[in-house]
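J.: The structure under discussion is supplied below as structure tokens; questions concerning it will follow.
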Amino acid sequence: MPRSLAFLLSLALAIAPAARAQQTDSALLSVQRIYASRDFRGDVFGPARWFPTGTAYTTLEEVTGGGREIVRFDAASGQREVLVPAARLTPEGASQPLTVEDYHWSPDQQRLLIYTNSKQVWRLNTRGDYWLLDRTSGRLRKLGQFAPPSTMMYAKFSPDGSRVGYVVENNIYVEHLADGKIVQLTHDGSRTIINGNFDWVYEEELSLHDGWRWSPDGSSIAYWQLNADQVRDFHLIRNSDSLYSQIIPIQYPKAGETNSAARIGVVSAAGGSTVWLNLPGDPRNNYPARVEWADNNRELVVQYLNRLQNTLNLLLGDAATGAVRTVLTESDSAWVEVVDNLIWLDRGRRFTWVSERDGWQHVYSISRDGKDMRLLTPGDFDVLNVVGVDQAGGWLYYIASPGNPTQRYLWRTRLDGRGRAQRLSPASLPGSHSYDAGPGVRWAFHTYSRFGTPPAMDLVELPSHRSVRPLNPNARLRETVAKLKRGPVEFTSLRGADGVSLNAWIMKPANFDSTRKHPVLFFVYGGPGSQTVLDSWGGSQYLWHLMLTQKGYIVASADNRGTGARGRDWRKVIYRQ
């Protein structure tokens, strides 16, 4: 026997008894227990979908014998109704129901779009098959019969629910649900011409995936088109799944190299020629980073970034002529963030906007022409997320933590900018709160966790924050974590060389002895805008760190300059540093 093999066998035999002992002790952690066992898998709720009224929702529930059914709940009463039994999700001739990975309702809730059989594209599983269930007739059929398996992307109902649009192999199609007629809207899709979809750079750097939008009346479709014909290939080597390695070419522009050229087009949903927006500048050195319909069927709103990403022009584009005009401009000596929560107000006369122009990330209400700008969330703190808008009541709901940037709470303020903001997350629950609110923000799925405490989800009524019923208490996971051997955890601050205070936490072994030295793992990410020092459940990363403390390590982390929730200057001091 070779000496190296003999050594490995002896090492395995030596550690096996200890590993077995550790696995039988519910207080101790191991790599296998954290990552390979089911001990720390939490319960799942959803995916859930709010109905347009905001007073009811549906979710998926497991069925004895296999499969899942779609169940409707009334938010106020909790009344339960099975809308789609698992049997109705079983294709003709199949023995098992479809594996529902995601689903969407038509506006009248009479048709259901089901996503299944997905495959990975870049980071996410965005290619798959789509099926349509007609609740009235009970018919279940696969859409896009011409498409190879697992090639359909980003299917969406038209606003009237009569059609479904989707992308197949970089072309956009519309399928009429009454007769199955399919209209192909783009015909030039290829490896280098990408319609309604994105290349690696747009997905990775701008977080763009779905690249097309129905107009509000369903008559037109706006879409991105990328031309990657001048982007060079970067070669990856795959040697893990076959006897011989394979070379995988990925179009990837390195810094300073040629990007894809991007443009925005509008095409009739019935087919025809495309009207292209007259976006200024070189399309390979500017990014249409966000595009939506501007609360009508005539105009598009485009967030247009230069390649340095330090200037963002908000444009309104005419869907009929392609003409564009600038509404406002954001610029910075470092970089500018795109806005993911632009919400139209007052029948399209105003919109919400997030900006750091006063040194903090705040929400503004801006007139359609950009001339009137009202600050809605004043103060020396960052708005971290916009949860929703109650236009009827005149309220903006958002996440912030003015007193402690390691935590997260729900606040609301008036849309007219008057009065003081109100904190809605209870003071009795310090830590991190997140919300998935229904239309009108009357009800929300509320998730709460603390450092080392797994999340629990309940349904809350707003603005009272009254907990109506548990949705996913995660009792088994919480009980398992509570049994673990744990030492003290301290949230503190560290003083930097120039006197600046850095938020930090320290995890110590259960048998911590202050009179002797312990090995230390210092965990850091560094930004920009991110945080490692958060009073929230850390998942497998927290468990890994806890395992190290069980082995005698101290684990610490600090949020350096450049991390999040402490203002523009704090975040951007790292620019080019």
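The values are calculated or read from the model by the stated rules, or taken from the named source; none is laboratory data. Just so it is clear, the structure is predicted and the values come from calculations on it, not from any experiment. We place every Cβ from the backbone using ideal geometry, glycine too, and count neighbours over all the protein chains shown. With ligands, DNA and RNA removed, areas are computed over all heavy atoms of the protein, side chains included. Shrake-Rupley method; radii C 1.70, N 1.55, O 1.52, S 1.80 Å.
J.: Against the condition under 29 Å from Pro52 (Cα atoms), out of contact with any helix residue (DSSP H, G or I) (no Cβ under 6 Å at 6 or more places or on another chain) and not basic (Lys, Arg), how does Trp353 come out, does it pass?
T.: yes
J.: Still on this structure, please answer the following. Return the only residue of Ile194, Ile237 being part of a strand (DSSP E or B) and open to solvent by less than 20 Å² (accessible area, probe 1.4 Å).
T.: That would be Ile194, the only listed residue that is part of a strand (DSSP E or B) and open to solvent by less than 20 Å² (accessible area, probe 1.4 Å).
J.: Among the residues of segment 354-366, are any modelled with pLDDT of 95 or more, exposed (fewer than 15 other Cβ atoms within 10 Å of the Cβ) and of a type in the set (Lys, Arg)?
T.: Scanning segment 354-366 turns up no residue that is modelled with pLDDT of 95 or more, exposed (fewer than 15 other Cβ atoms within 10 Å of the Cβ) and of a type in the set (Lys, Arg).
J.: Can you name the number of the only condition in (1) part of a loop (DSSP other than H, G, I, E, B); (2) open to solvent by less than 40 Å² (accessible area, probe 1.4 Å); (3) out of contact with any helix residue (DSSP H, G or I) (no Cβ under 7 Å at 6 or more places or on another chain) that Ala334 fails?
T.: (3)
Condition check ((1) out of contact with any Lys or Arg (no Cβ under 6 Å at 6 or more places or on another chain); (2) under 24 Å from Asn125 (Cβ atoms)) across all residues:
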position: Val174; (1), (2): no, yes
position: Asp179; (1), (2): yes, no
position: Gln184; (1), (2): yes, no
position: His187; (1), (2): yes, no
position: Asn195; (1), (2): yes, yes
position: Glu203; (1), (2): yes, yes
position: Trp212; (1), (2): yes, yes
position: Pro216; (1), (2): yes, no
position: Ala222; (1), (2): no, no
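J.: Okay, moving on. Return only the number of the condition from (1) open to solvent by 70 Å² or more (accessible area, probe 1.4 Å); (2) more than 24 Å from the chain's Cα centre (by Cα) that Tyr252 does not satisfy.
T.: Failed condition: (2).
J.: Taking the residues in segment 448-472 that are within 16 Å of Pro47 (Cα to Cα) and touching a residue at least 24 places away in the same chain (Cβ under 8 Å) as candidates, determine which candidate is least open to solvent (accessible area, probe 1.4 Å).
T.: Leu459
J.: Let me ask something additional. Restricting to segment 77-132, count the residues that are open to solvent by 70 Å² or more (accessible area, probe 1.4 Å), in a strand (DSSP E or B), touching a Phe, Trp or Tyr at 6+ places or on another chain (Cβ under 7 Å) and closer than 26 Å to Leu206 by Cα.
T.: Going through segment 77-132 one residue at a time, the tally reaches 1.
J.: Turning to a different aspect of this structure: Being touching a residue at least 24 places away in the same chain (Cβ under 8 Å) and on the phi < 0 side of the Ramachandran plot narrows it down to one residue among Tyr154, Tyr202, Tyr244; which is it?
T.: So the residue among Tyr154, Tyr202, Tyr244 that is touching a residue at least 24 places away in the same chain (Cβ under 8 Å) and on the phi < 0 side of the Ramachandran plot is Tyr202.
J.: Which number in (1) surrounded by 14 or more Cβ atoms within 10 Å (Cβ to Cβ); (2) closer than 15 Å to Ala270 by Cβ; (3) out of contact with any Pro (no Cβ under 6 Å at 6 or more places or on another chain); (4) of a type outside the set (Phe, Trp, Tyr) marks the one condition that Gly218 misses?
T.: (3)
J.: Still on this structure, I have one more. Output the residues belonging to segment 13-44 that are open to solvent by less than 50 Å² (accessible area, probe 1.4 Å) and either modelled with pLDDT under 95 or among the small types (Gly, Ala, Ser) (or both).
T.: If the condition is that a residue be open to solvent by less than 50 Å² (accessible area, probe 1.4 Å) and either modelled with pLDDT under 95 or among the small types (Gly, Ala, Ser) (or both), then Ala16, Ala19, Gln22, Ala27, Ser30, Ser37, Gly42 are the ones that fit.
J.: List the pairs whose first member sits in segment 286-312 and is under 20 Å from Lys572 (Cα atoms) and free of Cβ contacts under 8 Å to residues at least 60 places away in the same chain, whose second member is of a type in the set (D, E, K, R) and surrounded by fewer than 16 Cβ atoms within 10 Å (Cβ to Cβ), and whose Cβ atoms are under 8 Å apart, counting only residues at least 6 apart or on separate chains?
T.: Hits for this filter: zero, empty list.
J.: Please tell me if Gly388 is of a type outside the set (Phe, Trp, Tyr), open to solvent by less than 60 Å² (accessible area, probe 1.4 Å) and under 25 Å from Ala75 (Cβ atoms).
T.: yes
J.: I'd like the full set of residues that are touching a Leu at 6+ places or on another chain (Cβ under 6 Å), within 17 Å of Arg284 (Cβ to Cβ) and β-branched (Val, Ile, Thr), limited to segment 212-265.
T.: Passing the criteria: only Ile264.
J.: Looking only at segment 556-574, decide whether some residue is more than 26 Å from the chain's Cα centre (by Cα) and among the aliphatic types (A, V, I, L, M).
T.: yes
J.: Can you work out which of the residues in segment 48-62 that are assigned to a loop (DSSP other than H, G, I, E, B) and farther than 12 Å from Leu471 by Cα is least open to solvent (accessible area, probe 1.4 Å)?
T.: Out of the qualifying residues, it is Gly54.
J.: One residue is enough: does segment 60-69 have a residue meeting the conditions of a type in the set (A, V, I, L, M, F, W, C), farther than 30 Å from Leu140 by Cβ and free of Cβ contacts under 8 Å to residues at least 40 places away in the same chain?
T.: Among the residues of segment 60-69, not one is of a type in the set (A, V, I, L, M, F, W, C), farther than 30 Å from Leu140 by Cβ and free of Cβ contacts under 8 Å to residues at least 40 places away in the same chain, which makes the answer no.
J.: Among the candidates Ala147, Ala155, single out the residue that is open to solvent by less than 60 Å² (accessible area, probe 1.4 Å), more than 12 Å from Ala269 (Cβ to Cβ), at pLDDT 95 or above and in a strand (DSSP E or B).
T.: Ala155
J.: Is there any pair linking a residue in segment 421-434 that is among the aliphatic types (A, V, I, L, M) to one that is surrounded by 14 or more Cβ atoms within 10 Å (Cβ to Cβ) and assigned to a strand (DSSP E or B), with Cβ under 6 Å and at least six apart or on different chains, and which?
T.: Ala421/Trp411; Ala421/Thr413; Leu424/Leu410; Leu429/Tyr448
J.: Since Arg72 meets every condition but one in (1) open to solvent by less than 80 Å² (accessible area, probe 1.4 Å); (2) modelled with pLDDT under 95, which condition does it not meet?
T.: Just one mismatch for Arg72, condition (2).
J.: Could you list, in sequence order, all residues of segment 476-501 that are open to solvent by 30 Å² or more (accessible area, probe 1.4 Å) and either within 25 Å of the chain's Cα centre (by Cα) or in contact (Cβ under 8 Å) with a residue 12 or more places away in the chain (or both)?
T.: Listed by number, the residues that qualify are Arg476, Arg478, Lys483, Lys485, Arg486, Pro488, Val489, Glu490, Phe491, Thr492, Leu494, Val500.
J.: Look at segment 431-458 and say how many of its residues are in contact with a Phe, Trp or Tyr (Cβ under 9 Å, 6 or more places away or on another chain) and either modelled with pLDDT under 95 or not in a strand (DSSP E or B) (or both).
T.: 6
J.: For segment 459-577, please list each of the helices (runs of 4 or more DSSP H) lying entirely inside it that holds at least 3 residues being under 25 Å from His446 (Cβ atoms).
T.: Correct list: 475-482, 539-550.
J.: Restricting to segment 264-299, give me the number of residues that are open to solvent by 30 Å² or more (accessible area, probe 1.4 Å), of a type in the set (Gly, Ala, Ser) and not in a strand (DSSP E or B).
T.: Result for segment 264-299: 4.
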